[in-house]
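The structure under discussion appears below in the form of structure tokens.
The values are calculated or read from the model by the stated rules, or taken from the named source; none is laboratory data. Bear in mind that the values here come from a model prediction, so they are computed numbers and not experimental data. Cβ coordinates were reconstructed from backbone atoms using ideal geometry, including for glycine residues, and neighbour counts include every protein chain displayed. Remember, those area values only see protein heavy atoms, side chains included, never the ligands or the DNA or RNA. Shrake-Rupley method; radii C 1.70, N 1.55, O 1.52, S 1.80 Å.
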Amino acid sequence: MENRILDVKERIKKAAVSCGRSPDEITLIAVSKTKSPDMVKRAAGAGLTVFGENYIQEARDKIETIALNGLSWHFIGHLQRNKAKYAVKLFDLIHTVDSLKLATELDKQAEKIGKVQDVLIQVNTGMEESKSGIAEKDAMDLARDMSGLTHIKVKGLMTIPPFFDAPEKVTPFFRALRRLRNRIREANIPNIQMDELSMGMTGDFEAAIKDGATFIRVGTAIFGRRD
Ligand SMILES: *Cc1c(COP(=O)(O)O)cnc(C)c1O
């Protein structure tokens, strides 16, 4: 695993430099779903600090077992409203807000614990039935609606594009997310920041970096295949 981490970091650096970006602009999120607390500790020992989880119960158990300071946890799975109260306790950034109802619940739960919760708006760029996320055409309105929620801070956008085995086929979806991010940013909505783009996984993170990703979510290339 240590070698795989070095390899991923090297690939990030190369992709960034090749398009004139600084590697420091890109945060590597190690996606640790289904992986054991010991694996996460090893990854942390090898210098990784940001971890992504998809399931609330699994994350609660894992974070408690690991009990290491200095790690940051991001939620990247589909979030049910009845789990919002756990999500605000556990995660520094929630990538998957796609409705005003969910945002309002997160706002309420964050207020209860005296936190301002950082979130991203998840956009379904491929308009796939099977995927969560708000339609591109509705994202601006959702951002406006979330603007008044004082215990939530919108930081940018996230997408999971349709699956292709050729990374270049994913590029149009990454571009669409970046353009949408720029449009919302230009609208200057109060309390809405639009600096972050969460896109790119094991198969396509280099392409995502070229299209402006600031967070890449990488599981398999770090931890190996999931069973
Ligand atoms: C599992 C998962 C990833 C990581 O996928 P890999 O292909 O293993 O890198 C990234 N993003 C989301 C939303 C995921 O669910």
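The GluC sites (Glu not before Pro) of region 108-172 that meet both conditions, a loop assignment by DSSP and at most 13 other Cβ atoms within 10 Å of the site Cβ, are 128, 129. Helical runs assigned H by DSSP (4 residues or longer) give the chain a calculated mean residue ellipticity at 222 nm of -12500 deg cm²/dmol, each run adding -39500 (n - 2.57) before division by the residue total. Over all directions, the projected convex hull of the C-alpha atoms in region 137-227 averages 7.0 nm² in area.
Across the alpha-carbon set of region 10-118, the Rg to Rh ratio works out to 1.02, Rh being the Kirkwood radius. Whole-percent P(r), the chain, all Cα pairs, 10 Å bins from 0: 8, 34, 38, 19, 1. The fraction of accessible area contributed by carbon and sulfur in region 1-137 is 48 percent, rounded to a whole number (1.4 Å probe; ligands and nucleic acids excluded). Here the chain is treated with +1 on each Lys and Arg Cβ and -1 on each Asp and Glu Cβ, and its dipole about the Cα centre works out to around 180 debye.
Expressed as a whole percentage, what fraction of the accessible surface of region 143-225 belongs to carbon and sulfur atoms when a 1.4 Å probe is rolled over the protein heavy atoms? Ligands and nucleic acids excluded, carbon and sulfur give 48 percent. So what is the accessible area of region 2-223 per residue, in Å², with the probe set to 1.4 Å? Value for region 2-223: 47 Å² per residue. Which is the longest stretch in the chain that no exposed loop site breaks, taking sites as trypsin sites (Lys or Arg not before Pro) with a DSSP loop state and at most 11 other Cβ atoms within 10 Å? So the longest stretch without any such site is 1-224. Projected onto the charge dipole of region 91-153 (+1 at Lys/Arg Cβ, -1 at Asp/Glu Cβ, origin at the Cα centre), which of 139, 122, 102 gives the Cα projection farthest towards the positive end? So the residue furthest toward the plus end is 102.
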